[in-house]
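Report on the structure given below.
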Amino acid sequence: MKILFVCTGNTCRSPLAQAIMQKTLDERKIDADCDSAGLCCGYGEEVSENSRKIIAEKGIFFTHQSRPVTQPLLDSSDLVICMTAPHKEALAPYVAKEKLFEAKDFIGEEVEDPYGRDIERYRACAAQLERLAVAVADKLQKDSEKKDSE
């Protein structure tokens with residue numbers, strides 16, 4: 001199982017989502033890997049300073065450099081989770097409907113972009129992403145149990 005998180009620049013939300021989700025999966029012993037990419041970015045940008053601080057506060061070891069969404073990356077992912085509806089709409093022509101989601105599908109709200117904001121906005125974003133990680137992990141466990149009982 002491979003989960004891809006998508007945001008705009010791949011330096012704030014999606015790498016933070018990737019780090020938090022991977023920690024959640026590891027803690028629950030769910031066999032899945034996470035990745036992230038951006039719709040409007042290039043290759044090689046570092047994670048934003050505040051995202052890096054949040055990741056460190058959570059005791060997560062994580063290295064990352066930005067990269068754009070590509071068709072091979074989308075094709076190799078089992079779940080593609082976008083931060084907002086416009087991200088999902090942009091990817092809809094390129095991703096099978098059954099594997100394309102937005103954060104709102106799991107937590108009832110979009111993940112606000114903290115870019116350029118203070119650390120408290122990043123903490124609020126991280127709290128949303130923690131709820132998202134729990135909801136996604138719950139879905140994976142439920143789907144696995146359902147599959148095992150069939």
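Quick note: the coordinates plus some simple rules give every number you see, no bench work behind them. None of the values given here were measured: they were computed from a predicted structure. A quick note on method: Cβ atoms are made from the backbone with ideal geometry, for glycine too, and the neighbour counts reach across all protein chains shown.
Tabulated values for the structure
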{"item": "Sum of -39500 (n - 2.57) over DSSP H runs of 4+, divided by residues of the chain (222 nm, nearest 500)", "result": "-15000 deg cm²/dmol"}
{"item": "DSSP bridge pairs, the chain: antiparallel proportion in percent, nearest 5", "result": "5"}
{"item": "If the convex hull is drawn through the Cα atoms of the range 36-89, its volume per residue in Å³", "result": "113"}
{"item": "Radius 14 Å from Cβ of residue 39, net charge of other residues (Lys, Arg +1; Asp, Glu -1)", "result": "-1"}
{"item": "Binned Cα-Cα distance frequencies in the chain - 5 Å width, integer %", "result": "2, 10, 21, 24, 22, 13, 6, 2, 1, 0"}
{"item": "Residue order, fewest to most beta carbons within 10 Å, for 8, 70", "result": "70, 8"}
{"item": "Relative contact order for the chain, counting Cα pairs under 8 Å that sit 6 or more residues apart, in percent", "result": "27"}
{"item": "The chain - charge dipole about Cα centre, Lys and Arg +1 at Cβ, Asp and Glu -1, debye rounded to 20", "result": "120"}
{"item": "Cβ-based exposure ranking for 89, 102, in which fewest neighbours within 10 Å come first", "result": "89, 102"}
